[in-house]
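Undergrad: One structure coming up, written as C-alpha cells, with questions to follow.
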Amino acid sequence: MNIAITKMSSKGQVVIPSEMRNGINYGEKLIIIQNDDQFIMKKVSKLSKNLEEDLIFAKRTEEALKRYEKGEFIEMDFDDFLKDAKKW
C-alpha cells in the first residue's frame, strides 16, 4: 500500500502525487467515491460498462431527488406524462 499527502487548491483541484501516477494517462477519467470521511479513487476504464452506467444513473437519480425535495418538480396526470415522454 502506498501513502502520500496532498492538498486541495482553492479551485477544488487535488494533485495525485507523482509516485502514485504510474499507469494513469493524461485525460484518463477517474471516479471518486465518498463514504463519510473516506475517498476512493478508481480508473473508470477498470470498471465494467454496466457499473459505469449504474453509477451515472445513481447520480442522476440523486440529483432528481434533490430537485424534488426543493419542490422543483411538476405534477401531472399519468397520461400527460406518457405524451411528454414520447416526445423524448
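Undergrad: Can you list the trypsin sites (Lys or Arg not before Pro) in the chain that are in a DSSP coil and have 16 or fewer other beta carbons within 10 angstrom?
TA: Here the trypsin sites (Lys or Arg not before Pro) that fit, given the DSSP loop and packing criteria, are 7, 11, 21, 29, 70.
Undergrad: 222 nm [θ] for the chain, helices only, -39500 (n - 2.57) per DSSP H run of 4+, per residue, to 500?
TA: -11500 deg cm²/dmol
Undergrad: Which of rounded, prolate or oblate describes segment 1-45 when judged by the alpha-carbon gyration tensor and an a/c cut-off of 1.5?
TA: rounded
Undergrad: Shifting gears a bit: Place +1 on the Cβ of every Lys and Arg and -1 on the Cβ of every Asp and Glu in the chain, take the dipole about the Cα centre, and give the residue among 10, 35, 64 whose Cα lies farthest towards its positive end.
TA: 10
Undergrad: Now a separate question. With an 8 Å cut-off on Cα pairs and a minimum separation of 6 or more residues, tell me the relative contact order of the chain in percent.
TA: 12
Undergrad: Expressed as a whole number of Å, what is the distance separating the alpha-carbon centroids of segment 58-88 and segment 1-42?
TA: For segment 1-42 versus segment 58-88, the Cα centre distance is 34 Å.
Undergrad: In straight Cα distance, which lysines are under 24 Å from residue 11, not counting same-chain residues fewer than 8 positions off?
TA: Of all the lysines, those that pass the test against residue 11 - Cα under 24 Å, at least 8 places apart if same chain - are 29, 42, 43, 59.
Undergrad: Work out how far the C-alpha atoms of segment 48-88 reach from end to end along every principal axis, then list the three figures in whole Å, largest first.
TA: Sorted largest first, the three principal extents are 37, 26, 12 Å.
Undergrad: Nearest 10 degrees is fine. How inclined is helix 49-69 to the longest principal axis of the chain, computing both from alpha carbons?
TA: 60
Undergrad: How big is the dipole moment of segment 1-45 about its Cα centre under a simple scheme where the beta carbon of each Lys and Arg is +1, that of each Asp and Glu is -1, and everything else is neutral? Debye, nearest 20, please.
TA: Its charge dipole is roughly 180 debye.
Undergrad: Now for a different question. Once the cut-off is 17 Å, how many percent of the Cα-Cα pairs in the chain end up in the long-distance tail?
TA: 69
Undergrad: With +1 on the Cβ of every Lys and Arg and -1 on the Cβ of every Asp and Glu, and nothing else charged, how large is the dipole of the chain about its Cα centre, in debye rounded to the nearest 20?
TA: 600
Undergrad: Relative to the longest principal Cα axis of the chain, at what angle does helix 78-87 sit, 0 to 90 degrees, rounded to 10?
TA: 60
Undergrad: Could you list 10, 45 so that the one with the fewest beta carbons within 10 Å of its beta carbon is first and the one with the most is last?
TA: Lowest to highest Cβ neighbour count: 10, 45.
All of the numbers you see were taken from the coordinates with simple rules; none came from a lab. These figures come from a predicted structure and were not determined experimentally. Positions of Cβ are backbone-derived with ideal geometry, glycine not excepted, and every protein chain shown enters the neighbour counts.
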